[in-house]
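K.L.:
Dropping a structure here in structure tokens format, bear with me for questions.
What follows is calculated from the coordinates using simple rules that are stated; it is not laboratory data. In this text the structure is predicted, and so the values were computed from the model without any measurement. Because the Cβ atoms are built from the backbone with ideal geometry, glycine has one as well, and the counts that use them run over all protein chains shown.
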Amino acid sequence: MREAVLHFIWLGQKFPHRDLISVLGLSIKVVDKGKLNSLSGPDFLFAKVRLDDQEWVGHIELHVKASDWYIHRHHKDAAYDNVILHVVWEADAVITRKDRSVIPTLALSNYISEDDVAKYQDNFKSNKNRSLNCEGSIGSIGDEILNPWKDQLFKNRLRQRTRLIQEWLQGAAQDWEQVFMMLLLKSFGLNINGAAFLKLGKAIPFKIVRKNAGDPFLLESIFYGMAGMLNRVDLPDPYYLELKEAYAFLKVKYNLPDEVYHKPEFFSLRPYNFPTIRLSQIANLYHKHPALFALVIEATTLKSLRSLLKAQAGPYWDTHFVFGKTTPPSPKKMSSHFTDLLILNSVLPIRFSYESSKGSLDINRLNSWAKEIKAEGNKIVRLFQTHGVSSFNAYDSQALVELYNQYCIKNKCLQCAVGKYLLYGK
């Protein structure tokens, strides 16, 4: 027996309700099974249970074995003092609250047949050939189920990002401009260099970026230098040497730390995504808009955001992808697709977090912007497409990424609107 199966049984009340008796002989009548709790604490909240002739209101905790209560140390946790019924498969112990009072225990193994157990277990069997537990059915789920669930998933994804932003704010003395630069740099680095660029954003004080925003060359020297990209001694390229000299001066002037030894990668990247190009673009973006965070927060349309975030690498990069090697002329402008990725991965999370902190959240606006952006083309989106669930825009694709990462791969079908509908028809 698995605890997930017990949750399934209790949530669906898939056991006979007549003549239920606790292990100590109390008659039990379930009036309200309670609300499934996805956070810490008891498994089901605010249940109603009649024990003999008295009705109790409180929480329900589920375990495979009653003794798991002690293994999980619930008897020392005040959060479990309001548990009114312990639902288990095997009653191998009498369990107590923190104050040593006994909690009634219901052993479901006394009321469910082996055939039913086998059927319920089958819903939770691990199948290596199955990418989604509901892959044969999810494509038939109607919009009346999916749309409200996608609303919640999209908002949950923004909440996940907000928690990360709040952590960064604590480490940045509540400096929103610093944190937004970190978020932007991470997005500019994409999957390959996101971590390296984020480390760069944490190491460079934003006040230094603001002071030098009048000269994109100086910003480039800071970004390249701090990323450890100006260490070569065998490169006679004049522009490279000028950057190196400028960084040596700025490093002393601002007492910058030694290089961030998490050098960006070039391998497997398309040339337009090389760190040389992306760092120049963000340097020029802050040159154009030193108060970029304020402008992003004030923007009222997606069109204005797209215009605001457009940037081009410096003139040197018109004929280079890396230092010292010339190429045919081609301006290194940010594509519309890349700009939309910045909005999706940086602007929407920072707007959600900032507006939430000020009590002015306009979730409908953020939803609307996401719905105007083209859907991402990642493997998760393609997986759902294979099983009949399409993404028509970034709002859809972000919701599906959240669904897959937080529910599907964690087998949290009982907490998923799709899973609950398929299992219980509601």
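K.L.:
Shape of the range 244-342 from its Cα gyration tensor (a ≥ b ≥ c, root eigenvalues): rounded if a/c is under 1.5, otherwise prolate when a/b > b/c, or oblate? If you can, show how the numbers build up before the last one.
P.N.:
Details: a/c = 1.94, a/b = 1.21, b/c = 1.60.
In terms of gyration-tensor shape, oblate.
K.L.:
Of LYS65/LYS119; LYS119/LYS155; LYS333/LYS374; LYS325/LYS374; LYS371/LYS410; LYS119/LYS150, which ones are farther than 23 Å apart at the Cα?
P.N.:
With Cα atoms farther than 23 Å apart: LYS119/LYS155; LYS325/LYS374; LYS371/LYS410; LYS119/LYS150.
K.L.:
I would also like to ask the following. Using only the Cα atoms of the range 3-122, build the gyration tensor, take square roots of its eigenvalues as a ≥ b ≥ c, and label the shape rounded, prolate or oblate: rounded if a/c is under 1.5, else prolate if a/b is larger than b/c, else oblate.
P.N.:
The shape class here is rounded.
K.L.:
Using Cβ contacts closer than 10 Å as the measure, can you line up GLU3, GLU144, GLU245 from fewest to most?
P.N.:
Least crowded to most crowded, the residues run GLU144, GLU245, GLU3.
K.L.:
A further question follows. Ordered by packing density, taken as the mean number of other Cβ atoms within 10 Å over each peptide's residues, highest first, how do 172-178, 19-25 rank?
P.N.:
Per-residue Cβ counts within 10 Å, averaged per peptide and sorted highest first, yield 172-178, 19-25.
K.L.:
Let me ask something additional. In a GNM of the chain with a 10 Å cut-off on Cα contacts, which of ALA399, ALA79, ALA203 has the highest mean-square fluctuation?
P.N.:
Result for the chain, Cα springs under 10 Å: ALA79 fluctuates most.
K.L.:
Within 10 Å of each residue's Cβ, count the other Cβ atoms and sort ASP234, ASP116 from fewest upward.
P.N.:
In increasing order of surrounding Cβ atoms, one gets ASP234, ASP116.
K.L.:
I've got another one for you. Taking only DSSP H segments of four or more residues, each worth -39500 (n - 2.57), what value at 222 nm results for the chain once the sum is divided by all its residues, to the nearest 500 deg cm²/dmol?
P.N.:
-13500 deg cm²/dmol
K.L.:
OK, next. State, as an integer percentage, the relative contact order of the range 172-334 based on alpha-carbon contacts under 8 Å between residues 6 or more apart.
P.N.:
22 percent
K.L.:
Pick out which of VAL296, VAL233, VAL209 has the largest mean-square fluctuation in a Gaussian network model of the chain, springs linking Cα atoms closer than 10 Å.
P.N.:
VAL233
K.L.:
Could you grab the relative contact order for the range 3-122? Cα pairs under 8 Å, six or more apart, rounded to a whole percent. List each step's numbers first, then the result.
P.N.:
Values: 230 pairs, mean separation 27.6, N = 120.
Taking the mean separation of contacting Cα pairs over the length of the range 3-122, I get 23 percent.
K.L.:
How large is the Kirkwood hydrodynamic radius of the range 160-286, in angstrom, based on all distinct alpha carbon pairs? Before the final figure, lay out the partial values.
P.N.:
Numbers: mean 1/r = 0.0670 Å⁻¹.
It works out to 14.9 Å.
K.L.:
In whole Å, how far is the Cα centre of the range 336-380 from that of the range 228-273?
P.N.:
32 Å
K.L.:
Note down the relative contact order for the chain as a percent, whole number, built from C-alpha pairs under 8 angstrom at least six residues apart.
P.N.:
Once normalised by length, the contact order is 13 percent.
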